[in-house]
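Undergrad: Take a look at the following structure, please.
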Number of protein chains: 2
Amino acid sequence: LGLGLGLAAALALAAWRRQRRPVREVLFFPSRPSCTEAVLVEAAAEPGAAARPCPCPLPQGDCPLSRLLRRLLSARRSLEICLFAFSCPQLSRAVQLLHRRGVCVRIVTDAQYMGIRGSQIGLLRHAGIQVRHDQEDGYMHHKFAIVDRRMLITGSLNWTTQAIQNNRENVLVMEDAEYVKLFLDEFERIWEEYNPISYKFF
Amino acid sequence: LGLGLGLAAALALAAWRRQRRPVREVLFFPSRPSCTEAVLVEAAAEPGAAARPCPCPLPQGDCPLSRLLRRLLSARRSLEICLFAFSCPQLSRAVQLLHRRGVCVRIVTDAQYMGIRGSQIGLLRHAGIQVRHDQEDGYMHHKFAIVDRRMLITGSLNWTTQAIQNNRENVLVMEDAEYVKLFLDEFERIWEEYNPISYKFF
């Protein structure tokens with residue numbers, strides 16, 4: 001009986017997933033300075049655990065950054081990240097949280113920008129996350145992520161606090177198999193090309 | 001009879017437009033150095049005029065840049081451009097050609113970057129195209145264009161030869177009414193906010 005119920009629940013979930021409208025949204029930045037502590041604590045907490053309110057004075061609630069965080073934190077199996085610059089501490093915490101939760105995280109980034117002040121790349125590597133970078137003159141200028149091989153997140157936004165709070169930026173979020181496949185193929189091409197086995201040390 | 005035939009043709013065209021699969025593609029860069037002269041000459045030429053082959057030694061044929069040029073050159077009525085940096089001469093020629101053809105071109109750009117070496121913004125203004133820019137500390141970092149209020153072109157690519165030839169970049173091209181509307185609304189918001197009437201001269 002238990003097995004039957006489990007199967008029924010799985011089928012119902014699969015049917016719901018098929019019927020539910022695919023995510024299609026655009027996040028426009030700048031995002032006013034906001035406290036995203038609740039989003040991160042909620043994602044890290046045991047189910048049912050009560051979150052303590054954050055004592056910081058920043059406004060809480062929905063904003064483009066909190067929406068981006070929630071989209072990323074929905075990952076259950078895999079997260080590919082292909083980013084020119086990554087220095088936003090909140091987004092870095094989200095990625096580390098996913099890694100600890102067992103999500104397979106892979107990051108591709110730009111060699112010239114991974115060492116900038118505040119870059120999170122070192123911390124992410126230290127946390128055990130796989131990172132690969134280019135060895136080219138040109139920039140690895142992509143700014144996209146793929147959640148569970150299902151959702152594409154892409155746009156003009158580098159994951160830096162400067163860009164999030166001050167720049168005009170856009171981020172498309174789409175559950176769209178066709179676009180996901182094209183970007184995933186691009187990620188795998190770059191991932192293989194930036195294999196450390198091929199690095200040249202002059 | 002002529003009127004009837006014209007009406008029939010218009011209806012057939014409308015039906016064809018409805019049935020034809022909407023454009024959905026991604027252009028990945030870098031694009032190898034290529035001669036795009038044929039694309040530009042073809043677009044500028046009188047119908048039926050034979051194009052002389054370009055004497056330059058660069059390879060011709062399809063490449064991400066030529067595809068981007070063709071998408072832009074398909075504009076018949078309007079072109080909104082919202083770009084952080086614009087210095088690519090070929091893309092600038094395409095935009096000027098559209099302006100001469102009577103397409104309503106409007107450009108929004110970043111104040112700090114519109115004066116960089118090779119920037120096309122001055123030339124485009126000189127050609128009579130409307131350009132507006134920010135007066136903010138943050139960057140106007142968008143990189144999108146909208147063709148005939150029908151096709152969205154957006155991604156990580158600034159329209160510079162450096163980025164086109166050397167960087168890893170992506171450009172999504174989509175005929176998608178929902179996304180077009182969101183980006184068009186963003187363009188109109190910025191266009192109004194950057195109205196020269198509101199510029200402050202310190």
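The values are calculated or read from the model by the stated rules, or taken from the named source; none is laboratory data. Owing to the predicted nature of the structure, the values given are computational and were not obtained by experimental measurement. Note that each Cβ is placed from the backbone with ideal geometry, even for glycine, and that neighbours are counted across all protein chains shown. Protein only, heavy atoms only, side chains kept; ligands, DNA and RNA dropped before computing areas. Shrake-Rupley method; radii C 1.70, N 1.55, O 1.52, S 1.80 Å.
Undergrad: If we keep just the residues of the range A:173-195 that are more than 9 Å from chain B (Cβ to nearest Cβ), within 19 Å of A:Ala75 (Cβ to Cβ) and open to solvent by 20 Å² or more (accessible area, probe 1.4 Å), which is nearest to the chain's Cα centre (by Cα)?
TA: In this case the residue turns out to be A:Glu175.
Undergrad: Same structure, new question: Is it the case that some residue within the range B:92-100 is under 29 Å from A:Leu27 (Cα atoms), under 11 Å from the mean Cα position of the chain (by Cα), crowded, with 16+ Cβ neighbours inside 10 Å and more than 14 Å from chain A (Cβ to nearest Cβ)?
TA: Of the range B:92-100, the ones under 29 Å from A:Leu27 (Cα atoms) are B:92, B:95.
Adding the requirement that they be under 11 Å from the mean Cα position of the chain (by Cα) leaves B:92, B:95.
Now narrow it down to the ones that are crowded, with 16+ Cβ neighbours inside 10 Å: B:92, B:95.
Then drop every residue that is not more than 14 Å from chain A (Cβ to nearest Cβ), which leaves B:92, B:95.
The answer is yes, given that some residue of the range B:92-100 is under 29 Å from A:Leu27 (Cα atoms), under 11 Å from the mean Cα position of the chain (by Cα), crowded, with 16+ Cβ neighbours inside 10 Å and more than 14 Å from chain A (Cβ to nearest Cβ).
Undergrad: Also: Does B:Phe29 qualify as being open to solvent by less than 40 Å² (accessible area, probe 1.4 Å), within 14 Å of another protein chain (Cβ to nearest Cβ), in contact with a helix residue (DSSP H, G or I) (Cβ under 6 Å, 6 or more places away or on another chain) and in contact (Cβ under 8 Å) with a residue 60 or more places away in the chain? Before you say what the answer is, go through the steps one by one.
TA: Details: open to solvent by less than 40 Å² (accessible area, probe 1.4 Å): yes; within 14 Å of another protein chain (Cβ to nearest Cβ): yes; in contact with a helix residue (DSSP H, G or I) (Cβ under 6 Å, 6 or more places away or on another chain): yes; in contact (Cβ under 8 Å) with a residue 60 or more places away in the chain: yes.
Yes; evaluated as a whole, the condition is true for this residue.
Undergrad: Give me the pairs: first residue in the range B:136-147 and farther than 11 Å from B:Ile107 by Cα and more than 7 Å from every other protein chain (Cβ to nearest Cβ), second residue among the aromatic types (Phe, Trp, Tyr) and open to solvent by 10 Å² or more (accessible area, probe 1.4 Å), beta-carbon distance under 7 Å, and six or more apart or on different chains, which are they?
TA: Listed pairs, sorted by first residue: none to list.
Undergrad: Now a separate question. Kindly provide the set of residues from the range B:56-80 that are closer than 18 Å to B:Thr161 by Cα, open to solvent by less than 20 Å² (accessible area, probe 1.4 Å) and of a type in the set (A, V, I, L, M, F, W, C), ordered by number.
TA: Scanning the range B:56-80 gives B:Cys63, B:Leu65, B:Leu68, B:Leu69, B:Leu72.
Undergrad: Out of (1) closer than 27 Å to B:Tyr194 by Cα; (2) without any contact (Cβ under 8 Å) to a residue 24 or more places away in the chain, the odd one out for B:Pro55 is which?
TA: Against the list (1) closer than 27 Å to B:Tyr194 by Cα; (2) without any contact (Cβ under 8 Å) to a residue 24 or more places away in the chain, B:Pro55 comes up short only on (1).
Undergrad: Would you confirm, using the coordinates I've provided, whether A:Leu83 is within 11 Å of the chain's Cα centre (by Cα) and open to solvent by less than 60 Å² (accessible area, probe 1.4 Å)?
TA: Yes: the conditions hold for A:Leu83.
Undergrad: Could you list all residues from the range A:101-110 that are surrounded by 15 or more Cβ atoms within 10 Å (Cβ to Cβ), assigned to a loop (DSSP other than H, G, I, E, B) and not charged (D, E, K, R)?
TA: Matches in the range A:101-110: A:Val103 only.
Undergrad: Next question. Assess whether A:Ala38 counts as being more than 30 Å from A:Tyr194 (Cα to Cα), free of Cβ contacts under 8 Å to residues at least 40 places away in the same chain and either assigned to a strand (DSSP E or B) or open to solvent by less than 60 Å² (accessible area, probe 1.4 Å) (or both). I'd like the intermediate steps shown before the answer.
TA: Values: more than 30 Å from A:Tyr194 (Cα to Cα): yes; free of Cβ contacts under 8 Å to residues at least 40 places away in the same chain: yes; either assigned to a strand (DSSP E or B) or open to solvent by less than 60 Å² (accessible area, probe 1.4 Å) (or both): yes.
Yes: the conditions hold for A:Ala38.
Undergrad: Please work out which residue is most open to solvent (accessible area, probe 1.4 Å), limiting yourself to the range A:117-172 and to residues that are of a type in the set (Val, Ile, Thr) and not in a strand (DSSP E or B).
TA: Restricting attention to the range A:117-172, the residues satisfying the condition of being of a type in the set (Val, Ile, Thr) are A:121, A:129, A:131, A:146-147, A:153-154, A:160-161, A:164, A:171.
Pick out the ones that are also not in a strand (DSSP E or B) and you get A:121, A:129, A:160-161, A:164.
Details: A:Ile121: 5, A:Ile129: 7, A:Thr160: 20, A:Thr161: 51, A:Ile164: 5 Å².
The qualifying residue most open to solvent (accessible area, probe 1.4 Å) is A:Thr161.
Undergrad: Right, here's the next one. Restricting the search to the range B:156-170, which residues are out of contact with any helix residue (DSSP H, G or I) (no Cβ under 9 Å at 6 or more places or on another chain), over 15 Å from B:Ser66 (Cα atoms) and within 7 Å of another protein chain (Cβ to nearest Cβ)?
TA: B:Asn166, B:Asn167
Undergrad: Please pick out the residue among A:Ala12, A:Ala50 that is of a type outside the set (Asp, Glu), farther than 30 Å from B:Val180 by Cα and either modelled with pLDDT of 90 or more or not in a loop (DSSP other than H, G, I, E, B) (or both).
TA: Result: A:Ala12 is the single residue among A:Ala12, A:Ala50 that is of a type outside the set (Asp, Glu), farther than 30 Å from B:Val180 by Cα and either modelled with pLDDT of 90 or more or not in a loop (DSSP other than H, G, I, E, B) (or both).
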